[in-house]
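J.: Can you read through this structure? Questions will come right after.
The values are calculated or read from the model by the stated rules, or taken from the named source; none is laboratory data. In this text the structure is predicted, and so the values were computed from the model without any measurement. Please note: Cβ atoms are built from the backbone with ideal geometry, for glycine as well, and neighbour counts cover all protein chains shown.
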Amino acid sequence: MGPLDVRSEDAGGAILVSVKGEIDSGTIEVLHPVLDDGIGRALEAAARVVVIDLGDVTYFGSAGLNAVLGCFERGVEAGVAVRVVATNTEVTRPLEITKLDRVLRPYRSVAAALSDDRAPE
């Protein structure tokens with residue numbers, strides 16, 4: 001189990017949450033509050049969008065899947081679009097195996113996620 005670094009910043013009216021390291025049951029307590037805060041901040045932001053960048057994640061276990069899916073569902077309830085960026089097999093493979101790629105529809109880059117002009121569902 002390695003360290004997890006999670007950062008959140010304003011990105012042109014959207015909230016960008018960047019995650020680096022291993023997401024598992026031992027590190028998930030670092031991720032949850034940042035995702036929750038991102039939803040809250042997005043409610044006040046112009047774009048009402050949270051982008052979760054998982055490009056630097058080196059392990060993505062079931063705890064990570066549940067955390068990202070839960071954030072996505074809270075976003076839907078609140079009218080905030082939650083967009084996931086996943087480019088590495090450590091993240092894309094678990095998404096594909098669980099078929100969550102059909103729900104989360106991962107983007108290939110942060111730029112693509114930020115430039116998507118679809119309104120929150």
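J.: Filter the range 73-113 down to residues that are within 18 Å of Asp56 (Cβ to Cβ) and of a type in the set (Gly, Ala, Ser), then give me how many there are.
T.: Residues of the range 73-113 that are within 18 Å of Asp56 (Cβ to Cβ), as a first pass: 83-95, 104, 106-113.
Then keep just the ones that are of a type in the set (Gly, Ala, Ser); that gives 86, 109, 111-113.
Counting residues in the range 73-113 that are within 18 Å of Asp56 (Cβ to Cβ) and of a type in the set (Gly, Ala, Ser) gives 5.
J.: Go through the range 74-114 and give me each residue that's within 22 Å of Thr27 (Cα to Cα) and part of a strand (DSSP E or B).
T.: Val82, Arg83, Val84, Val85
J.: If you don't mind, there's one more thing I want to ask. Looking at the range 19-73 only, could you name the residues that are surrounded by 16 or more Cβ atoms within 10 Å (Cβ to Cβ), under 12 Å from the mean Cα position of the chain (by Cα) and part of a helix (DSSP H, G or I)?
T.: Selection gives Leu31, Val34, Leu35, Gly38, Ile39, Gly64, Leu65, Ala67, Val68, Leu69, Cys71, Phe72.
J.: Consider Asp117 against the criteria (1) at pLDDT below 95; (2) assigned to a helix (DSSP H, G or I); (3) not polar (S, T, N, Q): it satisfies all of them except one. Which criterion is unmet?
T.: Asp117 satisfies all of (1) at pLDDT below 95; (2) assigned to a helix (DSSP H, G or I); (3) not polar (S, T, N, Q) except (2).
J.: Could you say which residue among Gly61, Gly55, Gly75, Gly40 is farther than 25 Å from Asp10 by Cβ, out of contact with any Leu (no Cβ under 9 Å at 6 or more places or on another chain) and not basic (Lys, Arg)?
T.: Numbers: Gly55 fails: farther than 25 Å from Asp10 by Cβ; Gly75 fails: farther than 25 Å from Asp10 by Cβ; Gly40 fails: farther than 25 Å from Asp10 by Cβ.
The match here is Gly61.
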